[in-house]
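Reading through the structure tokens given below for one structure.
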Amino acid sequence: MNSVLSHITLETGKSPQHSIIWMHGLGADGEDFVSIAEEMKLPVAVRYLFPHAPKQPVTINGGLIMRAWYDITASNIVAQQDVKGIRASQAAIEGLIAQEKQRGIVADNIFLAGFSQGGAIALHTGLRHASRLGGILALSAYLLQVETLSTEASAAALNTPIFMAHGHSDPVVPYARGKDSADELKKRGYQVAWHEYGMPHSVCAEEVRDVQTWLTHKLNTKPL
């Protein structure tokens, strides 16, 4: 692969046959969820990939340069979406998926996960990926480019299971934004498991346990 996105790799056992590509939120980096992955106990060996988003100016933060999957221009996070940046990040994650396939990991054993911006890109990419993936985890996240989903979503992705979770008091990505995104996906026939917690824009221990339970089930379940 040429110029695969820089990332941290963590393997939990020998010769993993499952990969989880986990994307951080705005201003963080690939290290952000390594410790959480290390805490989780899953039934099979997993290769985690924690990519670093490219550094770029973020308009809502005064043009400050930071790691971001796409630019955010206003407090209304879905207004004037950075389509170019979103599609560039989608292509970068597709590059990591292709890398894992080259390593012998089948699509059904590849999961996309992410927090906030990272979760939005996990959803955006997973719903448009040509094959059914093992699953999509979107934490404190939301749907991007809803208006193009009908024409861009792959038929296979309709069978990709989705885990979405959100905090009731999230001041960054409002709870309603996440819940409305989950409801929109359910309305379109997607398999969405929705979870909510009494937390702000963060991750809590109960959520991590629920992610572990969901992943354990999906890793032990062969697709029909």
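The values are calculated or read from the model by the stated rules, or taken from the named source; none is laboratory data. It should be emphasised that the depicted structure is a prediction, and the values quoted were computed from it without experimental measurement. Here Cβ is always computed from backbone atoms with ideal geometry, including for glycine, and neighbour counts include all displayed protein chains. Areas reflect the complete protein model, heavy atoms only, side chains present, ligands, DNA and RNA absent. Shrake-Rupley method; radii C 1.70, N 1.55, O 1.52, S 1.80 Å.
Multiply the residue separation of Lys186 and Ala79 by 0.36 nm, subtract the distance between their alpha-carbon atoms, and state the gained length in nm to one decimal.
Full-extension gain reported as 36.2 nm.
Stokes-Einstein at 25 °C, 0.890 mPa s, Kirkwood radius from Cα pairs: D for the stretch 1-80 in µm² s⁻¹?
Working: Rh = 14.3 Å.
D = 172 µm²/s.
Restricting the count to DSSP beta bridges whose residues both fall in the chain, what percent are antiparallel, rounded to a multiple of 5? Don't jump to the answer; show the numbers that get you there.
Details: 9 of 33 bridges.
Around 25 percent antiparallel, to the nearest 5.
With respect to the cross-link table entries Lys14/Lys218; Lys41/Lys101; Lys101/Lys179, which display a Cα-Cα separation exceeding 22 Å?
Exceeds cut-off: Lys41/Lys101; Lys101/Lys179.
Take the alpha-carbon centre of the stretch 152-224, take the same for the stretch 57-108, and report the distance between them in whole Å.
19 Å
Over the stretch 170-224, what per residue volume does the convex hull of the Cα atoms give, in whole Å³?
78 Å³
Measuring with a 1.4 Å probe in the full set of protein chains, what accessible area per residue, in whole Å², belongs to the chain?
Value for the chain: 43 Å² per residue.
Between the DSSP loop rule and a limit of at most 16 other Cβ atoms within 10 Å, which trypsin sites (Lys or Arg not before Pro) in the stretch 50-144 are left?
Here the trypsin sites (Lys or Arg not before Pro) that fit, given the DSSP loop and packing criteria, are Arg103.
Using a 10 angstrom cutoff on alpha carbons, build the Gaussian network for the chain and name the most mobile of Glu39, Glu147, Glu100.
Of the options given, Glu147 has the highest mean-square fluctuation.
Using Cα-only point scatterers and the Debye equation, what is log10 of I(q)/I(0) for the chain at each q in 0.12 Å⁻¹, rounded to two decimals?
-0.58
Assuming R0 = 35 Å, what is the FRET efficiency of Asn220 and Glu196, from their Cβ-Cβ distance, to the nearest 0.05?
On the way: r = 25 Å, r/R0 = 0.72.
E between Asn220 and Glu196, to the nearest 0.05, is 0.90.
When you take every Cα atom in the stretch 1-41, what is the radius of gyration, and what is Dmax, the widest Cα pair distance, in Å?
My reading of the Cα-based Rg and Dmax gives 11.7, 33 Å.
Starting from the Cα-Cα distance between Ala155 and Ala45, subtract it from 0.36 nm times their residue separation and give me the gain in nm to one decimal.
36.7 nm
In percent, what relative contact order does the chain have, based on Cα pairs under 8 Å that are 6 or more apart in sequence?
17 percent.
Checking the a/c ratio against 1.5 first, then a/b against b/c, what shape does the Cα gyration tensor give for the stretch 106-224?
Oblate, because a/c is 1.5 or more while a/b does not exceed b/c.
Heavy atoms only, probe 1.4 Å: what % of the accessible area of the stretch 102-151 goes to carbon and sulfur, would you let me know?
Numbers: 600 of 1240 Å².
Exposed carbon and sulfur together represent 49 percent of the surface.
Only helical DSSP H runs with n ≥ 4 go in: add -39500 (n - 2.57) per run for the chain, normalise by residue count and round the 222 nm mean residue ellipticity to 500 deg cm²/dmol.
-10500 deg cm²/dmol
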